[in-house]
Amino acid sequence: MRRACPQRVGRLAGIALLLCLALAWTTAAQAQVRAWLEPDRIALDETTELSIEIDGISAHGLPDLSLLSQDFRVLDQGVAQQVDLSNGQLNLRIIMRMRLQPRREGVLQVPILQIGNGTTPPLRLVVGPPKTPVPKAVAPDDPALAAQPLFLESKLDTPSPYVQQTVGYTVRLYYEAGSLIDGRLDQDAPDGASLQQLGEDMQHTLRVGDRFYKVLERRYLLIPERPGTLTVPPARFQGRSLGVFGDPFDTARQEVRARGRPQTLQVKPIPPAAPQPWLPLRALSLRYLETPRSLRAGESATVTVELHADGATTSQLPALELKTGEGARVFPDQARRNDRFLEGRPLGTITRRFAVLSSRAGTLRVSAPRITWWDAQAGVARVASLPDIVLDVAPGKVTTAAGSTESAQARNPRASDWPRWLPRGAWLVATVVLVLLWIGTVWWAWRLLMRHRAQQDAAAGRPSAMPGDTHGATLQAQASIPASAPSTPDWSRALAEGDPALLLRALCALASPAAADADALRERLADPAQREAVAGLQRACWGDGDRAAAVATARTAFASGPRWRAASAARPGDAALPPLYPD
């Protein structure tokens with residue numbers, strides 16, 4: 001019994017090990033595939049993204065995506081690979097992403113996809129009502145086209161036009177949203193007609209049956225040039241589209257082609273009794289948008305006319321014109337043009353304004369435009385017109401014998417005495433007040449400047465006077481000078497202002513004859529103190545000395561008047577320089 005126990009224990013341990021390995025293998029096999037939806041709640045006109053992560057080493061094959069087509073449309077697909085090295089082993093993961101659009105509302109189940117030995121988990125998507133209005137449902141000309149993911153359709157405005165009649169030709173490319181990458185749409189011109197593209201391509205969404213299509217719409221103007229049978233070649237499309245997954249390393253893109261159907265027209269000739277110029281249309285109308293109620297001589301009135309044509313562009317329509325009799329003129333503005341494409345045919349609208357000016361009083365008749373055109377549907381000639389405008393023109397306010405209005409200057413001669421650029425009324429009063437304030441501000445600033453200068457002179461010991469007190473300052477300066485001092489007005493003013501330059505000019509003027517400059521004045525003075533005072537004034541003038549001290553020294557030195565040197569007492573050094581070339 002003791003020997004059997006170890007064997008039994010060994011068997012049990014082996015069985016447990018096998019069970020653990022099997023359980024680990026099962027867990028690993030189930031962990032090879034992951035799938036999730038983001039988001040899991042959308043509206044009918046929204047999309048969700050389905051992501052599938054696969055272990056590329058242990059997995060064999062890719063899922064069958066055709067199982068999704070029952071409740072979803074696959075709009076976009078993509079594959080990404082991730083390779084990493086962990087613990088000496090190479091790990092490859094493949095991540096597949098696809099954008100899904102639900103086909104109906106409710107709770108939709110994403111089918112379980114088989115990938116090698118693993119499967120994707122069951123997923124649920126809640127689809128609510130659409131957030132935007134459902135696109136308009138249309139039925140293509142060929143019901144078999146509604147089941148195709150991409151097809152072309154073309155339509156003509158009319159199958160039996162006249163020669164030179166404008167026919168609307170529309171080409172539409174239908175393709176499922178998100179399936180088309182790029183492409184080129186071509187349309188050849190037929191023999192015996194001109195084909196011109198109108199405007200840019202338009203894109204919108206339509207519902208055909210239970211499918212939603214993106215629609216690329218291109219519009220043309222087709223003008224037959226000769227009668228008979230005319231065949232329009234079919235439109236062609238060539239591009240690239242997203243296909244179904246095959247190889248995970250493939251981009252899953254494939255070329256797609258589509259071809260429309262040819263269109264046939266029976267072109268009718270121009271009728272012999274048709275009016276000229278030849279203008280075949282579906283409809284043509286004229287109307288007044290603005291008419292004057294009254295008019296005065298010398299003044300203008302506005303008339304606005306609108307022309308609306310069904311079956312032609314504005315470049316094919318005649319110009320709008322107004323006519324008047326003698327004594328009046330019409331000044332037209334530039335016409336405003338508007339071209340549209342409605343229900344597969346062109347529509348043109350022209351709007352034009354006119355200024356009517358009458359130079360004299362009386363009755364004025366403005367002739368409205370008249371346009372003759374051919375009704376292509378009824379096959380008869382028609383005339384579009386408006387009633388003439390009749391106005392009673394009143395006289396101007398003041399008219400001359402010739403009927404022209406006098407100017408205000410002729411009626412009021414005094415009006416020209418006052419210049420037009422000058423202000424009037426309240427503006428005149430405001431201008432006068434501003435000018436007075438400006439003058440007062442300038443005077444006040446000048447007073448402050450003079451006071452500041454007076455304070456500087458007082459601090460320097462110079463006599464000064466405020467504006468308006470010049471006479472008192474002059475008397476004060478004269479009172480400090482003895483009676484024997486020079487009494488000329490220049491000397492007194494120079495002392496009062498304390499200006500060295502004025503003092504020098506006054507002393508030069510006192511000499512007889514007058515001294516030419518300060519140097520000549522100094523040589524003609526006999527008193528050394530006076531000569532030193534003149535030198536001090538010179539230094540003060542050149543900024544090399546104290547102005548106040550120089551003026552005070554001059555006042556003291558010349559208190560009893562200047563003392564002149566005799567003419568014969570000149571110093572030997574004062575003689576003129578000897579001649580450059582002596583005899």
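Which one of the conditions (1) modelled with pLDDT under 80; (2) surrounded by 13 or more Cβ atoms within 10 Å (Cβ to Cβ) does Pro482 fail to meet, given that it meets all the rest?
Every listed condition holds for Pro482 apart from (2).
Can you tell me which residue in the range 200-209 is farthest from Gln164 (Cα to Cα), limited to those that are exposed (fewer than 13 other Cβ atoms within 10 Å of the Cβ) and in contact with a Lys or Arg (Cβ under 7 Å, 6 or more places away or on another chain)?
So, considering only residues that are exposed (fewer than 13 other Cβ atoms within 10 Å of the Cβ) and in contact with a Lys or Arg (Cβ under 7 Å, 6 or more places away or on another chain), the one farthest from Gln164 (Cα to Cα) is Gln203.
Output the residue which, of all residues in the range 279-306 that are among the charged types (D, E, K, R), part of a strand (DSSP E or B) and out of contact with any Lys or Arg (no Cβ under 7 Å at 6 or more places or on another chain), is surrounded by the most Cβ atoms within 10 Å (Cβ to Cβ). Full working, then the answer.
Quick first cut of the range 279-306, residues among the charged types (D, E, K, R) only: 282, 287, 290, 293, 296, 299, 306.
Then drop every residue that is not part of a strand (DSSP E or B), which leaves 287, 290, 296, 306.
Filter again for out of contact with any Lys or Arg (no Cβ under 7 Å at 6 or more places or on another chain), leaving 287, 290, 296.
Values: Arg287: 11, Glu290: 12, Arg296: 15.
Only one residue tops the list, namely Arg296.
Limited to the range 355-381, what total is found for residues that are outside any loop (DSSP other than H, G, I, E, B) and basic (Lys, Arg)? Quick ask: steps written out before the conclusion?
Here is the first cut: in the range 355-381, the residues outside any loop (DSSP other than H, G, I, E, B) are 355-358, 362-367, 370-375, 380-381.
Filter again for basic (Lys, Arg), leaving 365, 370.
Total satisfying the criteria: 2.
Which residue out of Asp527, Asp519 is exposed (fewer than 15 other Cβ atoms within 10 Å of the Cβ) and either within 60 Å of the chain's Cα centre (by Cα) or at pLDDT 85 or above (or both)?
On the way: Asp527 fails: exposed (fewer than 15 other Cβ atoms within 10 Å of the Cβ).
The unique qualifying residue is Asp519.
Does at least one position in the range 393-401 carry a residue that is modelled with pLDDT of 75 or more and among the basic types (Lys, Arg)? Full working, then the answer.
Of the range 393-401, the ones modelled with pLDDT of 75 or more are 393-396.
So of that shortlist, the ones also among the basic types (Lys, Arg) come out as none.
No, the conditions are met nowhere in the range 393-401.
Can you tell me how many residues within the range 313-354 are surrounded by 15 or more Cβ atoms within 10 Å (Cβ to Cβ) and assigned to a loop (DSSP other than H, G, I, E, B)?
6
Can you find even one residue in the range 503-512 that is at pLDDT below 85, part of a loop (DSSP other than H, G, I, E, B) and either of a type in the set (Lys, Arg) or under 17 Å from Ala566 (Cα atoms) (or both)?
The answer is yes, given that some residue of the range 503-512 is at pLDDT below 85, part of a loop (DSSP other than H, G, I, E, B) and either of a type in the set (Lys, Arg) or under 17 Å from Ala566 (Cα atoms) (or both).
Failed condition for Leu62, given (1) modelled with pLDDT of 80 or more; (2) within 55 Å of the chain's Cα centre (by Cα); (3) not small (Gly, Ala, Ser), with all others met?
The number of the failed condition is (1).
Conditions: (1) farther than 21 Å from Glu497 by Cβ; (2) among the small types (Gly, Ala, Ser); (3) modelled with pLDDT of 80 or more. Ala554 meets all but one. Number of the miss?
(1)
So how many residues does the range 358-385 have that are closer than 28 Å to Arg336 by Cβ and crowded, with 17+ Cβ neighbours inside 10 Å?
Summing the residues that are closer than 28 Å to Arg336 by Cβ and crowded, with 17+ Cβ neighbours inside 10 Å in the range 358-385 gives 11.
What do you reckon, is Leu322 over 43 Å from the mean Cα position of the chain (by Cα) and hydrophobic (A, V, I, L, M, F, W, C)? First the steps, then the outcome.
Details: over 43 Å from the mean Cα position of the chain (by Cα): no; hydrophobic (A, V, I, L, M, F, W, C): yes.
The answer is no for Leu322.
Can you pull out every residue in the range 319-354 that is more than 30 Å from Arg172 (Cα to Cα), in contact with a Ser or Thr (Cβ under 6 Å, 6 or more places away or on another chain) and not β-branched (Val, Ile, Thr)? Spell out how you get there, then give the answer.
Kept after step one, since they are more than 30 Å from Arg172 (Cα to Cα), are these residues of the range 319-354: 319-336, 351-354.
Narrowing the set further to residues that are in contact with a Ser or Thr (Cβ under 6 Å, 6 or more places away or on another chain) leaves 323, 327-328, 330, 336, 353.
Across the range 319-354, the qualifying residues are Lys323, Gly327, Ala328, Arg336, Arg353.
The values are calculated or read from the model by the stated rules, or taken from the named source; none is laboratory data. Since the structure is predicted, the reported quantities are computational estimates derived from the model, not experimental observations. Cβ coordinates were reconstructed from backbone atoms using ideal geometry, including for glycine residues, and neighbour counts include every protein chain displayed.
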